[in-house]
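J.: Dropping a structure here in structure tokens format, bear with me for questions.
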Amino acid sequence: MTPTFVIFGASGDLTSRKLIPALYSLFRKGRMPDGLRVIGFSRTEFSHDQWRTALAESTQKFLKTEFDNASWAKFAAGVFYHAGDIEQPADFAALEKAMPTYGEKPGDARIYYLATAPRFYEPAIEHLGSANMAAETNGERRIIIEKPFGTDLESAKKLNVAVHRVFNEEQVYRIDHYLGKETVQNLLVLRFANTIFEPIWNRNYIDHVQITVAEEVTVGRRGGYYETAGILRDMFQNHLLQLMMVTAMEVPVRFQADLVRDEKVKVLQAVRTLTPAQIAETTLRGQYRGYLQEPGVAPNSRTATFGAVKLYIDNWRWQGVPFYLRSGKAMSCRTTQIVVQFREPPHMMFSNCKGDQVDSNRLVVQVQPAEGLQLHFQTKVPDAGMHLTTSDLEFRFSKQFGPIPDAYQPLLLDALEGDASLFARHDEVEAAWSIIDPIIQDWANSDRPPLYVYEPAMWGPEESVAWMQAQKRQWFDTCPVLGPHS
Ligand code: BG6
């Protein structure tokens, strides 16, 4: 049985930058079946060869030395282009009819990938239904849906209803590429395949958790999109909450899609609801200087490009432990890190070391780009009396395993193999919106918290430092030191 990936939105950026390089890399490594077919569907007219040539160029550009002509030729033999309009039901019927001409046999599995602008998700799903392309009478049918899944709770619910009119939940793979990152999956392994972390992974030992996704890049040419999204929709509803779920969830009985997702959803269900007055106190927003001059941005825009949100998870494990979620564009460096800050020792017997800076233990999960872990702990400075300093144990993926594959690779492979553990379920997406929606609305309707302007290449607004200090804490603002493979 040879599967087919059908990509809707084939002429778009996501297809050339992520999907095709990931599919080709998997194929080159022998992880995809021989004869794999990839069919691009888009309005622009291309011949099969024109599309193949364009993809060869873009794939080579992104993969550099991981590209070779011989394996590309084999891969490209299974690449086809089918021109069609996503808003025309007849074009779906025509695609269905053409499938055997691309080599599809009865019983072959098909994976549809919605890589279009989000406004086309509903029509595409509806037309797949009316052309009878979701029914599994002639082989498995799955659909991968890109983010954003809705723009608020209401639209996400509406989209879920539209999806379920045509596909069963088991056929649906809502992608969040953060879950495809090896370091995020490794967090599950760190927590649940080791004994030493789990006993201390709770309110008795942990003071707070910081989850930071900092980006050095500005909004650039994406101003039009970003004006409708802002930092909360673009990063918090999906990536940051996913990282929080993986950090905070209970251990599932088995690594199996629904069991994993049950535990993740429970985290979101336990997040304390914030009143507008609390939102003013427990969130912070900023806009980098220069954002208003980006193309596509309104001259008086109040869109936040930086956000920090303090959440509490009201359950036995996490009662009273704040989770600080923070993300921004135009920050000091690109780094995604989860910092687990442990409590101070209950009693400090080294009373003669008062002048020393004594930090509590800290576990830092470097999600990217210097993928790895650091455990910070206190050590005695040799030959200096009883003086203490912070040292760390460090693990780097690149040192042990070499370069890490792009997050789309494991996710596409999982979707092909029918494993949805690392994809969001309908209730998870809705629960995430119900946490973020009130903040979005409050930020839109009030001046509290104020929108602070921050200088690019900083860690967001200066006020965020004072905000943490007022809570007797501080941000862990460290840019990762990059090695040759990172
Ligand atoms: C995307 C956002 O989902 O994630 C972008 O839309 C952001 O704004 C990107 O830049 C970050 O992904 P990564 O994998 O580069 O951290």
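J.: Out of all DSSP beta bridges in the chain, what portion is antiparallel? Express it as a percent rounded to 5.
T.: Approximately 55 percent, going by the DSSP bridge assignments.
J.: For Tyr112, list long-range residues whose amide hydrogen, built 1.01 Å from N in the peptide plane, is under 5 Å from its own amide hydrogen.
T.: Here Val6, Arg142, Ile143, Ile144 satisfy the definition.
J.: Sorted by average packing, counted as other Cβ atoms within 10 angstrom per residue and highest first, what order do 282-291, 164-173 take?
T.: 282-291, 164-173
J.: Also: In square nanometres, what is one fourth of the surface area of the convex hull spanned by the alpha carbons of segment 134-248?
T.: So the Cα hull casts an average projection of 10.8 nm².
J.: Now a separate question. So what does Arg334 come to for accessible area, using a 1.4 Å probe and Å² rounded to 10?
T.: Roll a 1.4 Å probe over it and Arg334 shows about 120 Å².
J.: So, in nm, how far is label Arg272 from label Ala70 when the simple model puts each one 7 Å beyond its Cα toward the Cβ?
T.: 6.2 nm
J.: Mark the label point 7 Å from the Cα of Asp314 along Cα→Cβ and return the residues of segment 232-275 whose backbone N is within less than 17 Å of it.
T.: Residues passing the 17 Å test: 266-275.
J.: Further question on the same structure: May I ask you to list the lysines whose Cα is less than 24 Å away from that of Lys29, ignoring any residue fewer than eight positions away on the same chain?
T.: Partners within reach: Lys18, Lys61, Lys64, Lys74, Lys181, Lys399.
J.: Further, regarding this structure: Using each residue's phi in segment 457-464, evaluate 6.51 cos²θ - 1.76 cosθ + 1.60 at θ = phi - 60° and report the 3J(HN,Hα) Karplus result to the nearest Hz, with x for Gly and Pro.
T.: With coefficients 6.51, -1.76 and 1.60, one gets 6, 10, 8, x, x, 4, 4, 6 Hz.
J.: Read phi for every residue in segment 168-173 and hand back ³J(HN,Hα) as whole Hz from Karplus 6.51 cos²θ - 1.76 cosθ + 1.60, θ = phi - 60°, with x for Gly and Pro.
T.: Calculated HN-Hα couplings, in order: 6, 4, 5, 8, 9, 10 Hz.
J.: Next question, about the same structure. Say each of Ser446 and Gln378 gets a label point 7 Å from the Cα, pointing the same way as Cα to Cβ; how far apart are those two points in nm?
T.: 4.1 nm
J.: Follow-up. Largest first, how would Val163, Val453 line up by accessible area (1.4 Å probe)?
T.: Listed by decreasing accessible area, they come as Val453, Val163.
J.: Given points 7 Å out from each Cα along the Cα-Cβ axis, report the Glu462 to Glu87 separation in nanometres with one decimal.
T.: My value for the distance between the label points is 5.0 nm.
J.: In whole Å, what is the distance between the alpha-carbon centres of segment 93-114 and segment 262-316?
T.: Cα centres, segment 93-114 to segment 262-316: 42 Å.
J.: Rounded to the nearest 0.05, what FRET efficiency do Tyr205 and Thr2 give with R0 = 56 Å and r taken as the Cβ-Cβ distance? Could you check?
T.: 0.65
J.: Okay, next question. Where the accessible area of the chain is counted over protein heavy atoms with a 1.4 Å probe, how much of it, in %, is carbon and sulfur? Mind showing how you got there, number by number?
T.: Working: 11490 of 21900 Å².
Its accessible area is 52 percent carbon and sulfur atoms.
J.: Now for a separate question. Using the Cβ atoms and a cut-off under 10 Å, what net charge is assigned to the surroundings of Arg142, where Lys and Arg are +1 and Asp and Glu are -1? Working shown, then result.
T.: Numbers: positive: Arg110, Arg141; negative: Glu136, Glu140, Glu170.
Here the count lands on -1.
J.: Once the whole set of protein chains is in place, how much accessible area is left on Tyr102, using a 1.4 Å probe, in Å² to the nearest 10?
T.: Using a 1.4 Å probe on the heavy atoms, I get roughly 30 Å².
J.: Quick check for you: with a 1.4 Å probe and neighbouring chains kept, what is the accessible area per residue of the chain, in Å²?
T.: I get 45 Å² per residue for this part.
J.: Is it possible to state the helix-based mean residue ellipticity at 222 nm for the chain, with each DSSP H run of 4+ residues giving -39500 (n - 2.57), the sum divided by total residues, to the nearest 500 deg cm²/dmol? What is it?
T.: Details: 15 runs with 157 residues, N = 486.
Helix contribution divided over all residues of the chain: -9500 deg cm²/dmol.
J.: Same structure, new question: As an exercise, find the ratio Rg/Rh for the chain from alpha-carbon atoms, using the Kirkwood inverse-distance average for Rh.
T.: Numbers: Rg = 24.0 Å, Rh = 24.2 Å.
With Rh from the inverse mean 1/r over Cα pairs, Rg/Rh is 0.99.
J.: Net charge near Pro449: determine it from the other residues with C-beta under 15 Å of the C-beta of Pro449, scoring Lys and Arg +1 and Asp and Glu -1.
T.: In short, 0.
J.: Under a 1.4 angstrom probe, counting protein chains only, how are Met458, Met133 ranked by accessible area, largest first?
T.: Met458, Met133
J.: Let me ask something additional. Can you give me the long-range amide H partners of His208? Hydrogens built in the peptide plane at 1.01 Å from N, cutoff under 5 Å, separation of 5 or more residues or another chain.
T.: Answer set, sorted by chain and number: Gln341.
J.: Taking 35 Å as R0, compute the FRET efficiency from the Cβ-Cβ separation of Arg302 and Leu482 and round it to 0.05.
T.: On the way: r = 35 Å, r/R0 = 1.00.
The computed FRET efficiency comes out at 0.50.
J.: Computed over the Cα atoms of segment 1-85, what is the ratio Rg over Rh, Rh following Kirkwood?
T.: Result for segment 1-85 is an Rg/Rh of 0.93.
J.: Could you state the number of Å between the C-alpha centres of segment 132-161 and segment 5-79?
T.: 24 Å
J.: Between Lys472 and Glu417, what FRET efficiency comes out of the Förster formula 1/(1 + (r/R0)^6) with R0 = 56 Å and r the beta carbon distance, rounded to 0.05? Walk me through the numbers on the way to the answer.
T.: Numbers: r = 48 Å, r/R0 = 0.85.
The pair Glu417/Lys472 has a calculated efficiency of 0.75.
J.: With a bin width of 10 angstrom, please list the P(r) values of segment 145-213 as percents of all Cα-Cα pairs, from the 0 bin to the one holding the largest distance.
T.: 15, 30, 26, 24, 5
J.: Listed highest first by mean packing, meaning other Cβ atoms within 10 Å per residue, what order do 80-86, 314-320, 52-58 come in? Before the final figure, lay out each step's value.
T.: Details: 80-86: 20.1, 314-320: 14.0, 52-58: 17.0.
For the peptides 80-86, 314-320, 52-58, the packing ranking is 80-86, 52-58, 314-320.
J.: Using amide H atoms built in the peptide plane, which far-off residues or other-chain residues are under 5 Å from Gly40 H to H?
T.: Those lying under 5 Å, H to H, from Gly40 are Ile7, Phe80, Tyr81, His82.
J.: Students sometimes get this wrong: rank Glu430, Glu87 by accessible area, probe 1.4 Å, all chains present, largest first.
T.: The residues order as Glu87, Glu430, largest area first.
J.: Using the Karplus equation 6.51 cos²θ - 1.76 cosθ + 1.60 (θ = phi - 60°), what ³J(HN,Hα) coupling, rounded to whole Hz, does each residue of segment 77-87 give in order, writing x for Gly and Pro?
T.: Values, residue by residue: 4, x, 9, 10, 10, 10, 6, x, 9, 5, 8 Hz.
J.: Given a cut-off of under 8 Å on Cα pairs at least six residues apart, what relative contact order in percent is computed for the chain? Write down the numbers at each step before the final one.
T.: Details: 862 pairs, mean separation 81.6, N = 486.
Reported as a whole number, the value is 17 percent.
J.: Using the alpha-carbon centroid of each, what span in Å lies between segment 198-235 and segment 328-352?
T.: Between the Cα centre of segment 198-235 and that of segment 328-352, the gap is 17 Å.
The values are calculated or read from the model by the stated rules, or taken from the named source; none is laboratory data. What you are looking at is a predicted structure, and each value in this text was computed from that prediction instead of being measured. Because the Cβ atoms are built from the backbone with ideal geometry, glycine has one as well, and the counts that use them run over all protein chains shown. Accessible surface is based on the protein model in full, side chains and every heavy atom, while ligands, DNA and RNA are left aside. Shrake-Rupley method; radii C 1.70, N 1.55, O 1.52, S 1.80 Å.
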